[in-house]
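Take a look at the structure set out below.
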Amino acid sequence: MNAPLRPRFAGLAAAAVLAVTLAGCTPGSGGTPAPTLDPDREIETDVSALGDRTLTVWDQEVRGGQDEQMTRLNAAFEEEYPNITIERVSQSFDDLGRTLRLALSGDNAPDVVQANNSRASMGAFVAADQLLPLDPWAEEYGWADRYPESILTYSTYSDDATTFGEGSLYGLPQVGEVVGVFYSKAKLDQLGIDVPADWEAFEAALRTAKDAGETPLLLGNIEKWPAGHVFGPVQGALVDSEEIQSLGFGNEGASWLTPENVAAAAKLASWQTEGFFNEGVNGTDYDAAWQSLAAGDGVFLMGGSWLAADLQDAMGEDVGFFVPPATAGEGARTTGGTGLPFTVTSATDTPDLAAAYIDYITSDDAMAILAETGNLPVVDTQQYAPASGVLRDVYTAFGSVTEEGALLPYLDYATPTMGDTLGEALQGLLDGRLSPEQVTEALEADYADFTAAD
Amino acid sequence: MRRAGPSAGPTPYLLILPAFLVYGAFLLFPLARSVHLSLFDWDGLTLATFVGFDNYIDIATDERLRAAFGHALVLVFFFAILPVCIGLALAAVLTRARVRGLPLFRTIVFLPQVIAMVVVAIAWRQIYAPDGVLNTALRAVGLDALTRAWLGDYTFSLPAVGLIGTWVSTGLVTVLLMAGMARIPAELFESARLDGAGAVREFFSIIVPAVRPEATVALTLTVVASLKTFDLIYVTTGGGPGSSTTVPSYEVYRRAFELGEVGSAAAVGVTLTAVIFALSVVINRRAERGA
């Protein structure tokens, strides 16, 4: 009976040896400590004086126009400074988000990375001291003059990352995003309605469309997050912007339980009960929804400016975009934000070069190239608006929202779990199984848990 | 006779050493590392804190995770038990009835097994869409009342996803069982017929007992497949609507990559591994005892 036990025993012994070896190192202790920069060091803004260097950049600019602008800007940078080689690693948004954590904690961290503004990404990296605060360079290059303050708050964190929107600047975005309403011009003509000038008119238009037997508002929500882009603008119209800002940034001092927030959830629920949405929103693909608009199966579609290029390709001059203000004439308050900001890792050995690169790809010349390649430049947007088409509407809307209205953060920035909480709560609301109160309670629980933990 | 057993010297161990090293590097080490990680509260970035078995206690108390394991058991029914029942009947018909073009049928039944799960999931997502093939077919026969957004329905999304699993596993199970049935000597059926047994009696008294080993293999494979399902859920529903179709392996992914709770994710993964291991042992023990 002894012999058969032997191998088993050997296996156990091997496992035990392994476990003991492993127990020696606590996860997260292997990384090199971030080198601290001498606060009195001189910032070198002349890239040609830096000698032969390689700059490793991780970006997620993979789609057509995004990739084109990045390629052009990198080539121009290398041409202007022949002593610099840019090593570009490009991957999709999802892939970058997943690999960045490992890359930043490893030994060969890149110099410049695009990190999502959210607490789950940028916030976590700031808390782990993996990104450099860019304030000295911001001063040197005058970034505060280049960018509107509302945009810079999106990449600003306190040193320990407990506060989002205040503290040091950690990155600069190239492009902007705004969530609004796409519509089919032909359908509006057919129904005899004008482009709604405010929320009241928008709701009236939805009702007119419903009465005429059309599908008023298209939504594909199987992915859970799309409904957040319908709820966001609704909330923007009904709730105080500063309150939403605190809720969205996950900072203390706000509450989801206010009557205004409940009213916003109730508004969304009423759109569902009135039959404004297409059948089975929770089982419809996000992409299928905008394709339905292009196919003429609906009148309005609420979504982000990133859909504009695809919709223009599919619908040509038939598609338009607007952001309804709460009251006609004033600036609209809606969900939006920036593209992923470019940040500098604390592992870089050439922070001056990294900062100079970020300055270069967000300069006026860069903004012009961004506009040329069909992106929405985040600075001086209206100036670059094309002469016609839905992109003109988008540029105008973004400019007016950032300058006259308010750009409100994506609500899932708030906490690492908020994306799921919000998505699941809104699916429940649209299904009719959660009341508006239950939805705001679920959101409050997530938000309060997080802010209390700090 | 040569000496055997413990006194054979180090040679046998040296022979398995290369394979063991590979096995150790790519399986035992990651497994041990997961167990190790599961004892920490770690965000994947900063220094971890040792929390002992807290992550495991959380699994037992977290309603969402308990539900996820419950969903996995529902999927076991659709991925394993249902296909074995269908597979038994189908394989019996295909072997006993002299069907023309048997290889063709076998190929068709097996085909879903060959297609990548992601492709399967995308195809079914379109079939289940509100204006997809399934609803169109229901409307065509006047069953409008039954149409719904299958993957967006709190009650029906889990069975809908489960049926995709049934569709995929049935082929594998059927082919395995057919191989077992081919071994049954024809004389057995002849004598059963002479004793007056019908097709049903034949099925339960000869076929089912004879394919017990194959059924065990089929059950083990499909139960394991159902418990570790990730791609199907990820592509079709993302765990939704709400969290009504989330499964343990999806929770591992969500925790590790979306929420940055690496320790907790590892704990879920280790628990899942233990559950799979335990179920496989139970299935195989029962089969051995019954044989």
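Structural remarks
- Failed criterion for B:L221 (all others in (1) within 14 Å of chain A (Cβ to nearest Cβ); (2) of a type outside the set (S, T, Y); (3) more than 30 Å from B:L47 (Cα to Cα) hold): (1)
- Qualifying residue in segment B:279-286 (condition: surrounded by 17 or more Cβ atoms within 10 Å (Cβ to Cβ), within 14 Å of chain A (Cβ to nearest Cβ) and part of a helix (DSSP H, G or I)): no
- Residue in segment B:253-260 that is of a type in the set (K, R) and under 22 Å from B:G162 (Cα atoms) present: yes
- Of the criteria (1) within 14 Å of another protein chain (Cβ to nearest Cβ); (2) of a type outside the set (S, T, N, Q); (3) not in a helix (DSSP H, G or I), which one B:A267 fails: (3)
- Criterion: outside any strand (DSSP E or B), touching a residue at least 12 places away in the same chain (Cβ under 8 Å) and more than 17 Å from A:V181 (Cβ to Cβ) - qualifying residue of A:T327, A:T343, A:T348: A:T348
- Hits in segment B:226-262 - residues which are of a type in the set (V, I, T) and either more than 9 Å from chain A (Cβ to nearest Cβ) or in a helix (DSSP H, G or I) (or both): B:T229, B:I233, B:V235, B:T236, B:T245, B:T246, B:V247, B:V252, B:V262
- Among residues of segment A:380-405 that are in the same structural domain as A:A237 (by TED's automatic domain parsing), those with a beta-carbon under 9 Å from a residue that is in a loop (DSSP other than H, G, I, E, B) and of a type in the set (D, E) at least six positions away or on a different chain give the pairs A:G399/A:D380; A:E404/A:E330; A:G405/A:E330.
- Filtering segment A:155-172 to residues that are touching a residue at least 60 places away in the same chain (Cβ under 8 Å), out of contact with any Gly (no Cβ under 6 Å at 6 or more places or on another chain) and under 11 Å from A:P341 (Cα atoms) leaves A:Y170, A:G171, A:L172.
- Taken together, the residues in segment B:142-168 that are part of a loop (DSSP other than H, G, I, E, B) and either touching a Pro at 6+ places or on another chain (Cβ under 6 Å) or among the polar types (S, T, N, Q) (or both) amount to 4.
- Enumeration of residues in segment B:41-97 that are over 28 Å from B:A266 (Cβ atoms), part of a helix (DSSP H, G or I) and either of a type in the set (D, E) or over 23 Å from the mean Cα position of the chain (by Cα) (or both): B:V93, B:L94, B:T95, B:R96
- Segment A:149-166, residues that are out of contact with any strand residue (DSSP E or B) (no Cβ under 7 Å at 6 or more places or on another chain) and farther than 17 Å from A:E252 by Cβ: A:E149
- A:A425 surrounded by fewer than 22 Cβ atoms within 10 Å (Cβ to Cβ), within 12 Å of chain B (Cβ to nearest Cβ) and at pLDDT 95 or above: no
- The lone exception for A:N108 - which of (1) away from every other protein chain (no Cβ under 14 Å); (2) under 20 Å from the mean Cα position of the chain (by Cα) it fails: (2)
- Filter pass, B:L37 being within 10 Å of chain A (Cβ to nearest Cβ) and modelled with pLDDT under 95: yes
- Top-ranked residue of segment A:428-454 - restricted to ones that are modelled with pLDDT of 90 or more and in a loop (DSSP other than H, G, I, E, B), ranked as surrounded by the most Cβ atoms within 10 Å (Cβ to Cβ): A:L434
- Looking only at residues in segment A:45-66 that are acidic (D, E) and at pLDDT 90 or above, the one that is surrounded by the most Cβ atoms within 10 Å (Cβ to Cβ) is A:D59.
- Positions within segment A:161-185 being in a loop (DSSP other than H, G, I, E, B) and either in contact with a helix residue (DSSP H, G or I) (Cβ under 6 Å, 6 or more places away or on another chain) or within 30 Å of A:W290 (Cα to Cα) (or both), in sequence order: A:A161, A:G165, A:Y170, A:P173, A:Q174
- Segment A:399-417 - residue that is touching a Leu at 6+ places or on another chain (Cβ under 6 Å) and assigned to a helix (DSSP H, G or I) and, of those, modelled with the highest pLDDT: A:L411
- Test result for A:D420, in a helix (DSSP H, G or I) and within 18 Å of the chain's Cα centre (by Cα): yes
- Counting the residues of segment B:26-63 that are in contact with a Ser or Thr (Cβ under 8 Å, 6 or more places away or on another chain) and exposed (fewer than 15 other Cβ atoms within 10 Å of the Cβ) gives 2.
- Here segment B:112-130 is the region considered, the condition is being surrounded by 18 or more Cβ atoms within 10 Å (Cβ to Cβ) and either without any contact (Cβ under 8 Å) to a residue 40 or more places away in the chain or outside any helix (DSSP H, G or I) (or both), and the residue that is nearest to the other protein chains (Cβ to nearest Cβ) is B:P130.
- In this structure, A:R88 does not qualify as of a type in the set (K, R), surrounded by 12 or more Cβ atoms within 10 Å (Cβ to Cβ), in a helix (DSSP H, G or I) and at pLDDT 75 or above.
The values are calculated or read from the model by the stated rules, or taken from the named source; none is laboratory data. It should be emphasised that the depicted structure is a prediction, and the values quoted were computed from it without experimental measurement. Note that we place each Cβ from the backbone using ideal geometry, even for glycine, and neighbour counts take in every protein chain shown.
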